[in-house]
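The values are calculated or read from the model by the stated rules, or taken from the named source; none is laboratory data. Just so it is clear, the structure is predicted and the values come from calculations on it, not from any experiment. All Cβ positions, glycine included, derive from the backbone under ideal geometry; neighbour counts span all protein chains shown. Side chains included, ligands, DNA and RNA excluded: accessible areas come from the protein's heavy atoms. Shrake-Rupley method; radii C 1.70, N 1.55, O 1.52, S 1.80 Å.
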Amino acid sequence: MRLGVCYYPEHWPESLWEDDARRMKALGIEQVRIAEFAWSRIEPAPGEYDWAWLDRAIDVLGNAGLKVVMCTPTATPPKWLIDRHPDILPVDADGKPRGFGSRRHYDFSSPSYFEASRTICTAVAARYGKHPAVAYWQTDNEYGCHNTVVSYSPAAVARFREWLKARYATIDALNRAWGNVFWSMEYRSFDEIDAPVGTVTEANPSHRLDYRRFASDEVARYNRMQVDIIRAHSPGRPVAHNFMQLFTEFDHYKVAADLDVATWDSYPLGALDQQWFAPELKAQFLRTGHPDFATFNHDVYRGMSKLPFWVMEQQPGPVNWAQWNPAPLPGMVRLWSWEAFAHGAGCVSYFRWRQAPFAQEQMHAGLNTPDNRLDIGGHEAARVAEEIRAVAAAHADADAAVHAKVALVYDYEAKWLFEIHPQGADFHYPRFAFEYYSALRALGFDVDVIPASASLDGYALVVVPPLPVVPDDFAARVAASGAHVVFGPRSGSKTRDLQIPAQLPPGPLASLLPMRVWRVESLRPNIAERVHVDATTIEGHGRRWRDLIDVGSGSTLDVRARFADGHPAYVRHGSAHYFATLFDDRLTEQLFARIATEAGLAPRVLGDSLRVSRRGALTYVFNYGERVHAIDGVDAADFVIGSREVEPQGVAAYRTR
Ligand code: GAL
């Protein structure tokens, strides 16, 4: 467990560097990420490299005893490169190139950019690959940020056709898979196929889904190119990328498969402002962030990281990019840092060392103010560094792996499919996945987030948010694991090609859930369908969606809850559970608690502002609320952080007995 910081030597006079490095070290920082946006300074003119300043910056950091996370600078191609190769610019759905003057102005499919990236990455990796201060690498910066995964350039379309050929082999197979007989959309050759934009009404959803899959594969291909170069020049140094919070535009599992460390950039207040949360929640958690938002991302990235995941960028104070940018309450930077460690992080790295007084992010806080005084976040980072030392001294296994008995399946294609073919305007997959996750966290569980292809062995409970395309072997893996599995509505509702399965949903889940979803309906946001749980007084509502289930005659399916009109709302068959709708939060939590108990787990109702996480020897408690929380039944001597009384914005950690 260690701390890091993001630093931009090129933004500051060289006379500050040594003092910066000395103060970082004194604060307890161990690693410094640099150079991800420095291309125009590394190669000011085509082929003319200026290494001298970067050599000196790395030496200053290394001499101070800091480890460098060296980045490839490809998120910001310089002006001269764009002028030479305008085809680098990504193209929007209206066919308009996106301009120079900010960042991420490149198309993953542009051959010129692929080559230019190869050249700059090779130059940087060859120069610093074996430098003693360079300990880690980061490829690029936040793939996909600012909506830059999908491009509609001629280069992208050309590569899409090749991708389709590899997938379908013959044009007849593609026509069948997409159902192109419908509306006379049949093609005679792959070369006739364009990007699915600019059509009179909606383009074929199978065509759109394949375009998204293709665009996602382009990100993985581009990243792999960079990783291969770094590995060739810098053997033994782990390679990372900094992913984004709740970002779903490419398949992160595929990109992470080529990395050593999955890292992500955590901005809990910016996220709260930007995401779907209701105004009351935005007000309640205005200066703390939602208690499950950062941890959801921690658990997502923990699952795909070979080494312990990192937070590559941690919000240190107010940000600049949300609509409204409140300041964190004192204590929150510390709380967020410990929350990351409690969820398995190897490093928390703050963004950034010092607030920049110029350009786009001048309103974004750093650990230091622009006049170089330590800000609140800086003081809290120093406290975390001290606490890390205390924890490590007391418990050698405080940085052990997290072991969860509950898993949540999280799938990127599901997001694209429901976005392309929603059937109900607000069928927003990441939100529903998050709501299930949040219900599990509110019951006190540690949760692994896993892909649909993962082994389910060792879990007592697996929760599957709406998963339209279910892998063929999923039912067999469920059966083999012995876990209880809860499926959200629409699970098994589509084939890989985005068609309705021949025997109707739940398609390949029929062996687990012998039933037939014969009709569906989507519901406006203001509609709530009453639901009653059989043989209990539990009631609640279904929202947004209803699967109408035919259980068949002589069925062995147990209907455990019904809608007011008698249709099943929740059915169980052995250890498989199926929700025919999205229940309100309270009912979701109640049902998860009941199923978890049946699965042999012990849920604990924590409410909306207290969260508990376990790692290694320690149990951590985080207080997102406004009142002191008293921990019962723990010896005072067992605490290594805090005490039995956890203040608002407070953290406690005690030895798990
Ligand atoms: C991240 C990005 C950083 C910086 C930061 C500001 O998305 O990687 O470069 O822009 O946001 O919050």
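For region 491-649, just say rounded, prolate or oblate: build the C-alpha gyration tensor, square-root its eigenvalues into a ≥ b ≥ c, call rounded for a/c under 1.5, and beyond that prolate if a/b exceeds b/c, oblate if not. Walk me through the numbers before you get to the answer.
On the way: a/c = 2.50, a/b = 2.21, b/c = 1.13.
It is prolate, given that a/c is not under 1.5 and a/b is the larger ratio.
Distance check, please: which entries in LYS79/LYS282; LYS67/LYS306; LYS25/LYS405; LYS79/LYS415; LYS254/LYS282; LYS67/LYS96 exceed 31 angstrom between their Cα atoms?
LYS79/LYS282; LYS25/LYS405; LYS79/LYS415; LYS254/LYS282; LYS67/LYS96
Report the relative contact order of the chain, percent, no decimals, based on alpha-carbon pairs under 8 angstrom and at least 6 residues apart. List each step's numbers first, then the result.
Values: 1340 pairs, mean separation 65.8, N = 657.
Normalised by residue count, the contact order of the chain is 10 percent.
Could you grab the relative contact order for region 406-598? Cα pairs under 8 Å, six or more apart, rounded to a whole percent.
20 percent
I want the local charge near LEU456. Using Cβ-Cβ distances under 13 Å, sum +1 for each Lys or Arg and -1 for each Asp or Glu among the other residues.
-1
For the chain, what % of the accessible area comes from carbon and sulfur atoms, probe 1.4 Å?
51 percent
Cα-Cα pairs above 27 Å in region 406-598: how many percent? Could you put the intermediate results ahead of the total?
On the way: 3523 of 18528 pairs.
In whole percent, the share of Cα-Cα pairs in region 406-598 beyond 27 Å is 19.
When only DSSP loop residues count, what GluC sites (Glu not before Pro) in region 544-640 have their Cβ near at most 11 other Cβ atoms within 10 Å?
GLU626
Which trypsin sites (Lys or Arg not before Pro) in region 107-213 sit in a loop by DSSP (not H, G, I, E or B) and have at most 11 other Cβ atoms within 10 Å of their own Cβ?
Answer in residue order: ARG188.
What figure in square angstrom, to the nearest 10, would you give for the accessible area of TRP276 with a 1.4 Å probe?
Counting only protein heavy atoms, the figure is 50 Å².
With all protein chains present and a 1.4 Å probe, how do HIS629, HIS379, HIS105 order by accessible area, largest first? Intermediate values should be presented prior to the final figure.
On the way: HIS629 50, HIS379 110, HIS105 5 Å².
Ranked list, largest accessible area first: HIS379, HIS629, HIS105.
Go through region 452-468 residue by residue and turn each phi into a ³J(HN,Hα) via Karplus (6.51, -1.76, 1.60, θ = phi - 60°); whole Hz please, and just put x for glycine and proline.
The phi angles translate into 5, 8, 6, 5, 9, 4, x, 8, 8, 9, 10, 10, 10, x, x, 10, x Hz.
Sort ASP59, ASP448 by heavy-atom solvent-accessible area, probe 1.4 angstrom, most to least. Please list the in-between numbers first.
Details: ASP59 65, ASP448 30 Å².
Descending accessible area places them as ASP59, ASP448.
If you find the alpha carbon centre of region 9-28 and of region 189-256, how far apart are they in angstrom?
Between the Cα centres of region 9-28 and region 189-256 lies a distance of 37 Å.
Give me the orientation-averaged projected area of the Cα convex hull of region 257-320, in nm², one decimal.
Details: hull surface 19.3 nm².
It is 4.8 nm².
What is the local net charge at LEU606, summed over the other residues whose Cβ is closer than 15 Å to its Cβ (Lys, Arg +1; Asp, Glu -1)? Write out the running numbers ahead of the final one.
Values: positive: ARG441, ARG586, ARG604, ARG611, ARG614, ARG627; negative: ASP292, GLU339, ASP446, ASP585, GLU589, ASP608, ASP632.
Value of the local net charge: -1.
With every protein chain present, what is the per residue accessible area of the chain (1.4 Å probe, Å²)?
39 Å²
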